[in-house]
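Bear in mind these aren't lab numbers, they're just calculated from the coordinates by the rules spelled out. The model shown is predicted, which means the values in this text are computed figures rather than measured ones. FYI the Cβ positions are ideal-geometry reconstructions off the backbone, even for glycines, and counts take in every protein chain you see.
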Amino acid sequence: MAKARNPEYHGSVFAHPTHMLRDILTAYQEGGSDYLYALLTGYKDIPSYVRDDKGHLKPVGAEGAGGKKVETCASVVPGEDGRPDECVQLAEGMSYNAAFPGHQIAMPAILSDGAVEYIKGPDGKPQVPETLDQHARDVSAFLRWAADPHLNRRKATGWQALLFLLVTTVLLFLGKKRIWSRIEH
């Protein structure tokens, strides 16, 4: 999964080369890791909605439901041709996850704050925070590494090859100038 998902670009065609260059220079290629992180931290309470006068579902905000019937929907299918919206209920045995397509996933929330115990420092406190955010980052980074453990070595070899080609190009250019400088036009 860490290698199967790729980041998508949604900008203009003219700005795309600058985004590609930024990704190359920063070595960003974490589409799968980003998805796994979002998936692990995406478990939320099922959102609540109320219907307006036309039957469209609106999220219940801080002002509350205002006496209207509250519906909990895993997802909302907009009504076509003036029809009311359809509230898709959470199926039995499923969990609500905001990052998962359709917002219904069979995997329960497995991580939470304090779920993993980290190595303690000399002062007896964990060296990193034992939070859901940190757990999700660690799991997604490990799965990315497990999907391609030789990635860093290949990147280093690639930069060395580029440096070699650059030096070779400069030497060939200087050699060509020296050889062809003897020939008169």
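In percent, how large is the relative contact order of the stretch 47-89, given Cα pairs closer than 8 Å and 6 or more residues apart? It rounds to 38 percent for the stretch 47-89. Which values of log₁₀ I(q)/I(0), to two decimal places, follow from the Debye formula for the stretch 95-185 at q = 0.12, 0.14 Å⁻¹ with a uniform point scatterer at every Cα? The Debye formula, applied to the Cα set alone, gives -0.69, -0.80. For the stretch 52-168, the tally of Lys pairs with Cα-Cα distances below 26 Å comes to 4, considering only residues 8 or more apart or on different chains.
Once both labels are positioned 7 Å from their Cα atoms along Cα-to-Cβ, the gap between LEU21 and LYS54 label points is 4.6 nm.
Percent of alpha carbon pairs in the stretch 47-89 separated by more than 14 Å?
Details: 369 of 903 pairs.
Looking at the stretch 47-89, the distances longer than 14 Å represent 41 percent of pairs.
Pair-distance distribution P(r) for the chain, from all Cα-Cα distances in 5 Å bins starting at 0: 1, 6, 9, 10, 10, 11, 11, 10, 8, 6, 4, 3, 3, 2, 2, 2, 1, 0, 0 percent.
For GluC sites (Glu not before Pro), the sites in the stretch 59-124 that DSSP calls loop and that have at most 10 other Cβ atoms within 10 Å are GLU63, GLU80, GLU92, GLU117.
Neighbour counts of other C-beta atoms within 10 Å: give me ARG137, ARG144, ARG178 arranged from fewest to most.
On the way: ARG137 17, ARG144 21, ARG178 9.
Result, fewest neighbours first: ARG178, ARG137, ARG144.
Among ASP34, ASP148, ASP53, rank each residue by its count of other Cβ atoms within 10 Å, from fewest to most, as a rough exposure measure.
On the way: ASP34 17, ASP148 12, ASP53 5.
Result, fewest neighbours first: ASP53, ASP148, ASP34.
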